[in-house]
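Here is the structure we will look at, set down as structure tokens.
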Amino acid sequence: MIAFILRRLLQSTLVMLAVALVSFGLFRYIGDPIHNMVGQEATLAEREALRERLGLNDAVPVQFARFVGNALRGEFGISYRMQRPVADVIAERLPATLELALISGTAALVLGIALGVYTALRREGWLSHLIMSASLIGVSLPTFLIGILLIYVFAVELKMLPAFGRGEVVQLGGWSTGLLTASGVKSLILPSITLGLYQLTLIMRLVRAEMLEVLRTDYIKFARARGLSDRAVHFRHALKNTLLPVITIAGLQIGSIIAFAIITETVFQWPGVGLLFITAIQFVDIPVMAAYLVLIALIFVVINLIVDLLYFAVDPRLRAQRPGRGH
Amino acid sequence: MKMTRIAAALTLSSSMLFAGLAGAETLRWSSAGDSLTLDPHSQNEGPTHVMSHQIYDSLVFRDQSMKLQPRLATAWRVTDDPAVWEFKLRQGVSFHNGNPFNADDVVFSILRAKHENADMKGLLTTVVDVVKVDDYTVHMRTNGPNPLLPNNLTNLFMMDKEWSEANKVTVPQNFKAGEETFAVRNANGTGPFKLVSREPDVRTELVRNDSYWGKGSYPMEVSRIVFTPIKSAATRVAALLSGELDFLLDPPVQDLERLSSAKGLVVREGPENRTIFLGMQQALPELRTSDIKGKNPFADKRVRQALNIAINRDAIKRVVMRGQAVPAGIILPPFVDGYTKALDQVTPPDLARAKALLAEAGYPNGFSVTLSCPNDRYVNDEAICQAVTGMFGQIGVKVRLDARSKSIHFAELPKGELDFYMLGWGVPTMDSHYVFHYLVETKSDKGGAWNATGYSNADIDALIAAMTQETDAAKRAAMVAKVWNTVQDEVLYLPLHHQMLNWAMKDNIDFPVQSENYPYFKLLKYKK
């Protein structure tokens with residue numbers, strides 16, 4: 001068990017280093033940060049001096065080593081654009097993204113399972129057909145288009161919900177939350193739907209397919225033969241066995257919800273880390289971009305690690321497997 | 001006793017009168033980008049200056065008709081020594097924290113803006129010394145006569161010396177130091193609005209400075225400003241349409257019709273201080289991206305003339321810019337000193353003559369070249385380049401278009417790495433010399449920073465240098481005209497158009513466009 005965790009941790013470290021190296025390599029093609037940092041009046045000599053001050057003239061391996069060394073100490077330098085420490089800026093923006101991801105992820109999971117079960121049980125009902133056709137929208141329409149459509153309908157035409165921003169937020173220690181004010185909750189609705197729609201339809205279709213599969217198995221037939229009620233058969237026996245793959249997929253999707261938030265955050269001007277990243281790209285704010293990519297990689301690596309450990313805990317077959325024994 | 005009471009009553013009623021004029025109006029506005037920093041000397045950039053202009057005051061500023069107006073300086077003149085300017089300062093002005101404003105603050109601010117870390121130093125290169133004469137008089141010495149010094153001071157904001165010392169911000173942010181300075185998110189100006197709160201990229205809130213020195217002379221009708229930058233153009237427009245915003249600084253061109261036909265909204269327009277043009281590398285023996293080897297087609301004036309008359313500027317205005325541009329014959333915005341209608345005469349397209357000129361120059365079958373354009377800097381920049389690519393194709397010049405992000409384009413351009421490029425130029429000093437110094441002068445350490453054409457003319461360089469020190473207005477105007485005539489005659493650049501500015505707002509707001517794109521919210525009025 002310990003050896004397994006250590007091996008996993010070592011692999012994770014390698015993945016992190018690889019991500020850092022790849023992102024560092026990409027920055028060289030994004031452009032020159034100097035242009036955005038000085039006005040058009042700056043002379044070539046002044047530009048060169050700033051370049052030197054920022055260490056952009058050093059060899060790439062030197063810059064990379066410096067970056068990794070600082071990152072290990074939690075230092076990501078100072079943002080070229082905002083003139084503030086990157087760690088502070090990200091810590092300020094992270095609550096917005098995590099809150100949005102949490103709300104839309106939870107909604108997608110709950111609604112996805114409920115609708116999946118419903119459509120599996122009432123396979124021929126007209127409502128099931130309607131839900132299944134509607135779910136195609138979630139799978140096929142790009143996120144930004146869904147966001148703009150929602151803004152058009154609910155903000156411009158109906159004037160019910162805000163088109164942008166987070167509304168009023170309340171500071172709880174270092175965490176800013178929009179869940180405690182009316183305008184904050186209203187502002188969460190459209191971005192959550194935009195971000196979670198794809199996950200919702202994915203989970204729904206997965207649950208439906210798994211459920212249909214399980215309902216055909218022998219133990220369900222036995223359960224029915226024992227005279228159990230429909231409710232007990234569907235929810236205690238069928239749904240429980242359906243959920244194993246769903247939990248795996250949902251766990252992995254948490255990472256992508258946070259990463260995909262970039263588009264939703266841009267459309268709704270949601271002040272999270274995704275919007276920070278997009279703005280940083282346009283400005284060639286290398287410290288912010290590097291820190292963001294490392295952070296996202298870290299989230300994925302941690303989630304994967306947890307999922308691996310969960311497998312280990314949940315699936316007895318993995319534990320029983322000893323080297324050299326085979327099946 | 002009685003007299004005092006009457007005087008007191010008068011003061012009371014007059015203050016009530018002003019209170020009645022200046023109601024409680026909140027202005028919620030947006031644009032794509034936020035101010036980079038509240039430190040007013042750190043960055044020389046539009047959105048940053050827009051915010052600074054609300055909180056801080058400069059010595060002079062340009063009003064909505066682009067005239068130089070007194071602000072913290074009430075009068076300015078050249079002293080008997082032509083290299084020294086004298087500025088008389090406004091009395092009785094105080095900073096938001098209550099500190100009085102005086103000559104010490106001006107000396108401090110000018111020297112701070114000249115610091116190595118300050119991007120604003122570029123506008124003060126001629127200033128060699130700033131001296132306090134008395135509490136309300138300052139002398140600025142330049143390296144030789146500089147008749148245009150006040151033009152360079154419109155975005156130079158006055159900071160409080162005591163406040164800066166107390167908060168350790170006597171020099172602007174140093175990126176290498178790796179820490180945030182106090183002035184990045186805090187401000188103490190003398191301006192019409194005071195900072196209440198600031199979350200960069202999210203929300204900045206200001207309230208009216210009720211003890212502002214200009215309270216009686218400006219409308220000052222806005223009592224609270226809430227600024228929320230919105231990056232996505234569609235969302236920005238939606239927020240204005242849904243009534244969540246009152247004012248939009250940068251409505252996208254494709255949505256102007258929609259906005260002006262929307263109930264309760266109005267779009268105001270005006271000329272912008274920026275001209276868009278194309279530049280050609282004319283000095284290299286051979287272009288890097290052309291199929292012509294051994295010679296440089298752009299070096300031949302007839303080729304440049306042919307390209308110039310191949311461009312249909314009206315079509316670009318109509319189709320690409322949806323009417324929001326003024327076709328240009330010169331790379332100088334109107335209302336800048338040195339501009340004349342005659343110079344701005346647009347050459348109508350003449351394809352037959354263009355082809356004949358090309359054949360005469362020895363390129364009857366045309367040639368190929370790469371045109372480099374930004375795709376996120378100017379209004380419809382990439383679409384303009386696509387349009388001219390087609391127009392040049394009609395006379396046999398095969399243009400390969402390379403549209404890319406501004407951070408790549410503007411890194412390569414001043415290094416002289418481009419053969420054929422798009423550039424836009426605004427003139428913050430309102431004088432032709434600014435254009436000559438950056439775009440016409442021979443590229444060197446001293447000037448020509450953005451002259452990527454390779455053009456070098458010693459006579460012209462001498463004229464450009466001489467005009468900075470010429471105090472006789474008529475002689476100076478003749479020098480400016482002479483340089484322009486040469487630039488036009490040589491077809492040094494291919495002018496395309498002057499950009500237009502559009503501000504969208506609720507229709508109860510009366511706020512004409514300012515050509516530098518600086519909304520001075522103290523000037524905003526509400527229709528009664």
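The values are calculated or read from the model by the stated rules, or taken from the named source; none is laboratory data. Not measured: the values here are computed from a predicted model. Here the Cβ positions follow ideal geometry from the backbone for every residue, glycine too, while neighbour counts run over all protein chains shown. Each accessible area value is taken on the protein alone, full model and side chains, heavy atoms only, with ligands, DNA and RNA left out. Shrake-Rupley method; radii C 1.70, N 1.55, O 1.52, S 1.80 Å.
A compact table of results
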| read-out | value |
| --- | --- |
| Hits in the stretch B:218-259 - residues which are without any contact (Cβ under 8 Å) to a residue 40 or more places away in the chain and of a type in the set (S, T, Y) | B:S232, B:T235, B:S242 |
| Only one of A:L276, A:L295 that is out of contact with any Ser or Thr (no Cβ under 8 Å at 6 or more places or on another chain), crowded, with 24+ Cβ neighbours inside 10 Å and under 26 Å from A:T13 (Cβ atoms) | A:L276 |
| Residues satisfying the stated conditions in the stretch B:70-91, i.e. open to solvent by 30 Å² or more (accessible area, probe 1.4 Å) and either acidic (D, E) or outside any strand (DSSP E or B) (or both) | B:D80, B:D81, B:P82, B:R90, B:Q91 |
| Condition broken by B:A24, with the remaining ones in (1) within 14 Å of chain A (Cβ to nearest Cβ); (2) in contact with a strand residue (DSSP E or B) (Cβ under 7 Å, 6 or more places away or on another chain); (3) modelled with pLDDT under 90 satisfied | (1) |
| Residue in the stretch B:110-146 that is most open to solvent (accessible area, probe 1.4 Å), counting only those that are under 22 Å from the mean Cα position of the chain (by Cα) and closer than 20 Å to B:R77 by Cα | B:T125 |
| Residue in the stretch B:51-69 that is within 14 Å of chain A (Cβ to nearest Cβ), modelled with pLDDT of 90 or more and open to solvent by less than 60 Å² (accessible area, probe 1.4 Å) present | yes |
| Single residue of B:L423, B:L413, B:L351, B:L418 found to be at pLDDT 95 or above, out of contact with any Gly (no Cβ under 7 Å at 6 or more places or on another chain) and within 21 Å of B:I331 (Cβ to Cβ) | B:L418 |
| Top-ranked residue of the stretch B:147-184 - restricted to ones that are of a type in the set (A, V, I, L, M), in contact with a strand residue (DSSP E or B) (Cβ under 7 Å, 6 or more places away or on another chain) and over 17 Å from B:P40 (Cβ atoms), ranked as surrounded by the most Cβ atoms within 10 Å (Cβ to Cβ) | B:L149 |
| Strands (runs of 3 or more DSSP E) lying entirely in the stretch B:92-199 (those with 3 or more residues that are closer than 30 Å to B:T468 by Cα and not assigned by TED's automatic domain parsing to the domain that holds B:G448) | B:127-134, B:137-142 |
| The stretch A:54-75, residues that are open to solvent by less than 60 Å² (accessible area, probe 1.4 Å) and at the interface with chain B (Cβ under 10 Å from one of its Cβ atoms) | A:L54, A:G55, A:N70 |
| Within the stretch B:354-379, tally of residues that are in contact (Cβ under 8 Å) with a residue 40 or more places away in the chain, touching a strand residue (DSSP E or B) at 6+ places or on another chain (Cβ under 9 Å) and away from chain A (no Cβ under 14 Å) | 7 |
| Count of residues meeting criterion [open to solvent by 60 Å² or more (accessible area, probe 1.4 Å), more than 15 Å from the chain's Cα centre (by Cα) and within 25 Å of A:V302 (Cβ to Cβ)] in the stretch A:229-268 | 2 |
| Selection within the stretch B:261-282 - open to solvent by 60 Å² or more (accessible area, probe 1.4 Å) and farther than 24 Å from B:P333 by Cβ | B:S261, B:K263 |
| Residues of the stretch A:40-81 that turn out to be touching a residue at least 24 places away in the same chain (Cβ under 8 Å), charged (D, E, K, R) and farther than 27 Å from B:H409 by Cα, as a count | 0 |
| Filtered residue count, the stretch B:495-528, keeping only those that are part of a strand (DSSP E or B) and surrounded by fewer than 20 Cβ atoms within 10 Å (Cβ to Cβ) | 4 |
| Answer from B:R258, B:R203 - the residue that is within 14 Å of another protein chain (Cβ to nearest Cβ), modelled with pLDDT under 95, in contact with a Phe, Trp or Tyr (Cβ under 8 Å, 6 or more places away or on another chain) and more than 16 Å from B:Y56 (Cα to Cα) | B:R203 |
| Residue ID - modelled with the lowest pLDDT, chosen from residues in the stretch A:266-280 that are more than 9 Å from chain B (Cβ to nearest Cβ) and part of a helix (DSSP H, G or I) | A:A280 |
| Residue that is surrounded by fewer than 21 Cβ atoms within 10 Å (Cβ to Cβ), in the same structural domain as B:G416 (by TED's automatic domain parsing) and in a helix (DSSP H, G or I), where the choices are B:R302, B:R288, B:R322 | B:R302 |
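Residues are listed down the side, and each one gets a yes or a no for (1) open to solvent by 60 Å² or more (accessible area, probe 1.4 Å); (2) within 14 Å of chain B (Cβ to nearest Cβ); (3) in a loop (DSSP other than H, G, I, E, B); (4) under 26 Å from A:P245 (Cβ atoms):
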position: A:G116; (1), (2), (3), (4): no, no, no, yes
position: A:I131; (1), (2), (3), (4): no, no, no, yes
position: A:V139; (1), (2), (3), (4): yes, no, no, yes
position: A:L149; (1), (2), (3), (4): yes, yes, no, no
